[in-house]
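Asker: This structure is in structure tokens; I'll ask about it shortly.
What follows is calculated from the coordinates using simple rules that are stated; it is not laboratory data. Bear in mind that the values here come from a model prediction, so they are computed numbers and not experimental data. Positions of Cβ are generated from backbone atoms using ideal geometry, with glycine treated the same way; all protein chains shown enter the neighbour counts.
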Amino acid sequence: MRKIFASIDVGSDLIKLVVAEVTHNNRMNILASAHVESLGVKKGFIVNPEVLLPKLQEVFLKCENIIGLKIDKVLAVVPSENSEFFLGEGSTTITNDEHMIRQSDLIHAMQGCTYNRISNDREIVSIKPTSYIIDDERTVDNPVGIEAVKLTVKSLVVTIPRKNVYTLVKCLEKIGVQVIDFSLSSIGDYSEFQKGMMKETVGCIINIGYQTTTVSIFNKGLLTNTETLDVGSYHMETDLAYIFKIPLREAKDVKMTLASAHKRGVSASIKKKYTTKTGEEISISEYEATEVVSSRLEEILKLAKKQINLLTKKEIHYIMITGGVSEMANFSILLEEVFGHNAKIGQTNEIGVRSNIYSACVGFIKYYEEKLKLRNQEFSIFSESEIEELSSVPKKLSFGENSVLGKLFGYFFDN
């Protein structure tokens, strides 16, 4: 069975959608990716569903046109605001004739970790086992297949308010899309970037979004704390708009086309003309734009650094930065000045989504596939007949709209 998933991340600036296949050797093939401007979303929360719905339809249509199939099931990234964490413990008696621990016994014990612990206004977003205990005596790394009378599982449970989930679920239902699971952007980011010793150490993922910045602590691969700061790349635009007295849309263009994250190497002679709110024509140079943007970006990084110390007292072994702004020119220079050599820029490297705006979407697909393996289950958003159609019907090459290959083939075949 081909395992194909779709993942959506509805942000305050962009809506991102990725459709990918996970192969038997855990490789990921991107079948389609798209992003559109977001409307009706503030700080990651939907405030105006009516204006958001057409944008949701637009991003799905873009991916559906690439793969030639209707997408009606999706994994959804949801806001992490007001997340709560607790350690739970659950047990189950092994009742099968062989007294061998099976995958179903593991799931039952994990479910016991949350028994009478979740209020009606909250939803579980993650249950990650921290230890398995056999017959109250010994701890093992993997209990499945071991002979036992009793299995006890200790897990770290993450919950979020229902409001973080249900408005998005209802919006997607209105356009005929079912949410099959949801998770936090930080969990997706970690799953996308984790490598080497990250699973054995304590570290931090910082996602600089459009209106917010999320700081998340991971301990041996487990999300243990997270906080959302009310500042993001949008505030660079408001700074530019205020200082140069230009409209916000013009300020966004200044940020995208002129500004760098650090003043090293930027030019005072390279300029673009803009019209102020009063109708006056002005020129803004790379250097002037960078002065404004780098100052705000440095503030964001320093606030995030302070937040790390508030979230954990443990030694931090790695800091990974993501979000669209992390791809800004000279970002690594400013990052090193604030954090030293300990911090790195995450890199989303799959062909078709080589941009950090997609990191949470891509990572969530990897995370969900790991959840399925833990439960010894398989899933695909498409039926067997749809997968046969996907495999056999000729259509446009399925590269993401922003990939180099996508643009190259689009040039030759669409014109």
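Asker: Could you tell me the extents of the range 84-162's C-alpha atoms along the three principal axes, largest first, rounded to whole Å?
Answerer: 41, 21, 16 Å, listed from the longest principal axis down.
Asker: Rounded, prolate or oblate: which one fits the range 1-99, using the alpha carbon gyration tensor with axes a ≥ b ≥ c (rounded when a/c is under 1.5, else prolate when a/b beats b/c, else oblate)?
Answerer: oblate
Asker: Counting pairs of alpha carbon atoms under 8 Å apart in space and at least six apart in sequence, what relative contact order in percent does the chain give?
Answerer: With pairs under 8 Å counted, the relative contact order is 19 percent.
Asker: Per the Kirkwood formula on distinct C-alpha pairs, the Rh of the range 310-386 is how many angstrom?
Answerer: 15.4 Å
Asker: Per the helix-only calculation at 222 nm, which mean residue ellipticity applies to the chain, given -39500 (n - 2.57) for every DSSP H run of n ≥ 4 and division by its residues, nearest 500 deg cm²/dmol?
Answerer: The helix contribution divided over the chain gives -11000 deg cm²/dmol.
Asker: Give the lysines reachable from K272 as a straight Cα distance under 22 Å; neighbours fewer than 8 places away on the same chain don't count.
Answerer: In chain and number order, the partners are K245, K252, K255, K263.
Asker: With a 10 Å cut-off between alpha carbons and a GNM built on the chain, which of V59, V158, V149 moves the most?
Answerer: V149
Asker: A follow-up question, please. If you place +1 on the Cβ of every Lys and Arg and -1 on the Cβ of every Asp and Glu, how big does the dipole about the Cα centre of the range 195-347 come out, in debye to the nearest 20?
Answerer: 340 debye
Asker: While we're here: Within the range 122-180, how many Lys pairs sit with Cα atoms under 29 Å apart, leaving out pairs fewer than 8 places apart on the same chain?
Answerer: Final tally of qualifying lysine pairs is 6.
Asker: Here's something else I'd like to know. Of (i) 166; (ii) 145; (iii) 197, which is the value of volume of the Cα convex hull per residue in Å³ derived from the coordinates here?
Answerer: Given (i) 166; (ii) 145; (iii) 197, the calculated one carries the label (i).
Asker: About its Cα centre, what dipole magnitude does the chain give when the only charges are +1 on Lys and Arg Cβ and -1 on Asp and Glu Cβ, stated in debye to the nearest 20?
Answerer: That gives a dipole near 680 debye.
Asker: Work through the residues other than V169 whose Cβ is under 14 Å from its Cβ and net out their charges, Lys, Arg +1 and Asp, Glu -1.
Answerer: +1
Asker: Using DSSP to define loop residues, name the GluC sites (Glu not before Pro) in the range 229-330 whose beta-carbon has at most 14 other beta-carbon atoms within 10 Å.
Answerer: E280, E315
Asker: Where in the range 43-149 are there GluC sites (Glu not before Pro) that are in a DSSP coil and have at most 12 other Cβ atoms within 10 angstrom of their Cβ?
Answerer: Listed in order of number, the matching sites are E98, E137.
Asker: Using R₀ = 60 Å, calculate the FRET efficiency as 1/(1 + (r/R₀)^6) where r is the Cβ-Cβ separation of K174 and A268; round to 0.05.
Answerer: Taking R0 as 60 Å, the efficiency between K174 and A268 is 0.75.
Asker: Next question. Using the Karplus equation 6.51 cos²θ - 1.76 cosθ + 1.60 (θ = phi - 60°), what ³J(HN,Hα) coupling, rounded to whole Hz, does each residue of the range 307-320 give in order, writing x for Gly and Pro?
Answerer: 5, 4, 5, 7, 7, 8, 9, 6, 5, 8, 9, 8, 9, 10
Asker: Just how far, in whole angstrom, is the range 69-127 from the range 158-222 if you go by their alpha carbon centroids?
Answerer: Taking the Cα centre of each part, the range 158-222 and the range 69-127 sit 16 Å apart.
Asker: Same structure, new question: If you fit an axis through the alpha-carbon atoms of helix 234-244 and take the longest principal axis of the Cα set of the chain, what angle between them do you get, 0 to 90°, nearest 10?
Answerer: Long axis of 234-244 versus the principal axis of the chain: about 10 degrees.
Asker: Relative to the longest principal axis of the C-alpha atoms of the chain, give the angle of the C-alpha long axis of helix 248-257, reported between 0 and 90° and rounded to the nearest 10°.
Answerer: For helix 248-257, the angle is close to 80 degrees.
Asker: If I model a spin label at E378 and V51 as a point 7 Å from the Cα along the Cα→Cβ vector, what separation in nanometres do I get?
Answerer: Reported label-point gap for E378 and V51 is 4.6 nm.
Asker: Whats the longest run of the chain with zero trypsin sites (Lys or Arg not before Pro) that are DSSP loop and have at most 10 other Cβ atoms within 10 Å?
Answerer: 28-194
Asker: Note the angle between two axes, namely the Cα long axis of helix 163-174 and the longest principal axis of the Cα atoms of the chain, as a number of degrees from 0 to 90, rounded to the nearest 10.
Answerer: Between the helix axis and the principal axis of the chain, the angle is about 80 degrees.
Asker: Any idea what the dipole of the range 252-336 comes to, in debye rounded to 20, about its Cα centre with Lys/Arg Cβ at +1 and Asp/Glu Cβ at -1?
Answerer: 260 debye
Asker: Separate question: So if the hydrodynamic radius of the range 195-347 is defined as the Kirkwood radius over C-alpha pairs, what does Stokes-Einstein give as its diffusion coefficient at 20 °C and 1.002 mPa s, in µm² per second?
Answerer: 132 µm²/s
Asker: Can I ask one more? What does the C-alpha gyration tensor say about the overall shape of the range 172-245? Classify as rounded when a/c is under 1.5, otherwise prolate if a/b is larger than b/c, or oblate.
Answerer: oblate
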